[in-house]
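Trainee: Sending over a structure as structure tokens; questions will come in a sec.
Computed from the coordinates by the stated procedures, all read-outs in this text should not be read as laboratory data. None of these values were measured; they are calculated from a predicted model. Please note: Cβ atoms are built from the backbone with ideal geometry, for glycine as well, and neighbour counts cover all protein chains shown.
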Amino acid sequence: MKDPVTVLTGITYDRESIEQWFSTTHDMSCPVTKQALPRDNGLTPNHTLRRLIQQWCKENATNGVGLIPTPKLTLNKIYVSGLVQDLGVSHLQANALKKLEALALDNAQRNRRSMGEAGVTKAMVLFIVRCYKEGAQRSVLEALRILHHVWSVADDHEVKLIVNGSNDFLESLIWVLGCDPEMDNHAILMKSEAILVMKMAMEVITASQLERLNLEFFKNIVMVSKEKISQEALKSALHVLIEACPWGRNRMTMVESGAIFQLIELELARPERHITELIFNLLANLCGCADGRAQLLKHAGGIALVSKRILRVLFEGGENSPNLGAFWK
């Protein structure tokens, strides 16, 4: 036990363990007494027990027992709320974003949870949308980084409302992916973060919104996959396209956006195995239509690529391979 905390029932736990318990259970209750606990946990640091543990570690240091440092102070939600309010004041905005980004990048999960409870997720979405409407790219990278890190601790209902409440959020991400054609390092980082957030948004988007994705959306996703983004961002871009594949209209629009050619080029560059699996998953979906197969045949390396894939599947006998029959319908 490194950081003892006491819940409202009087039972003491290690902070990391009890927070992990709260994050994985739907029933907010004390593991020992089974009594219900409030959603905000109400964890109180047990300083007396911590000092006893630290003293024992110190006395047994010669026996190989490591010292336990004093835990960092828990993030104050009132402080975070103040930073959120500062986002609306022009001369305080940059400093508030800098502080929020530092907190979000901290590995302490409880910090991110406190940020989520203080409304940081919604605040970052509104900030990004405002930048989109004003055509201002400054500070968008910082906002996307913060959003990426606090998204996982945000309330599921809140996230769904943010994504599906209007088209503004998705349109703002599309705007980020389509800006700065010169692609300096800042733009590359911004687009990488935007596609990571886009992947998370696609996981909660409604079917009606998926059906309304337009050509600009797919062109920007394909364009980003051509650029020097991170491997994680490239995987996210491919996942976004896969999420949209169940709708025939989306598959036709992807083919129109040049996705077939770009997927072949990505595979010819010999990417890591997981990316290859994603590429062939997409190719199998897109070649389910005549236009997709026609685009595959137009690429000089299309037939050779698919033939090589078929031989590999026959040799390895992979169970999770895409439906290769789609290429020859």
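Trainee: What size of dipole, in debye to the nearest 20, comes out for the chain about its Cα centre when the only charges are +1 on Lys and Arg C-beta atoms and -1 on Asp and Glu C-beta atoms?
Mentor: 300
Trainee: A further question on this structure: Going toward the positive end of the dipole of the chain, with +1 on Lys and Arg Cβ and -1 on Asp and Glu Cβ, which of 146, 303, 1 do you reach last?
Mentor: The Cα lying farthest towards the positive end belongs to 1.
Trainee: In the neighborhood of residue 123, defined by Cβ-to-Cβ distances under 11 Å, what is the net charge if each Lys or Arg adds +1 and each Asp or Glu adds -1? Write down the numbers at each step before the final one.
Mentor: Numbers: positive: 122, 130; negative: 86.
Residues close to residue 123 contribute a combined charge of +1.
Trainee: Could you compute the net charge surrounding residue 133? Neighbours are other residues with a C-beta less than 15 Å from the C-beta of residue 133; K and R count +1, D and E count -1. Don't skip to the answer; put the middle values down first.
Mentor: Details: positive: 130, 138; negative: 134, 168, 171.
Value of the local net charge: -1.
Trainee: Related question: All other residues with a Cβ under 14 Å from the Cβ of residue 170 taken together, and with Lys, Arg as +1 and Asp, Glu as -1, what is their net charge?
Mentor: After counting each charged neighbour, the total is -2.
Trainee: Turning to a different aspect of this structure: Which entries in 99/133; 34/98; 77/235; 160/308; 122/191 show an alpha-carbon gap greater than 31 Å? Kindly include the intermediate steps, with their values, before the conclusion.
Mentor: On the way: 99/133 24 Å; 34/98 41 Å; 77/235 34 Å; 160/308 42 Å; 122/191 20 Å.
Distance filter (> 31 Å) returns 34/98; 77/235; 160/308.
Trainee: Something else: Exactly which GluC sites (Glu not before Pro) in segment 104-204 are in a DSSP loop and have at most 16 other Cβ atoms within 10 Å? Working shown, then result.
Mentor: On the way: sites: 117, 134, 142, 158, 171, 182, 193, 203; in loops: 182, 203.
Filter output for segment 104-204: 182, 203.
Trainee: Expressed in nm to one decimal, what extension gain is obtained for the pair residue 89 and residue 47 from 0.36 nm per residue of sequence separation less their Cα-Cα distance?
Mentor: Numbers: separation 42, 0.36 × 42 = 15.12 nm, distance 3.85 nm.
Answer, rounded to one decimal: 11.3 nm.
Trainee: Please list the non-local residues whose amide H lies under 5 Å from the amide H of residue 29, H modeled 1.01 Å from N, same-chain partners needing a gap of 5 or more.
Mentor: Residues meeting the amide H criterion: 37.
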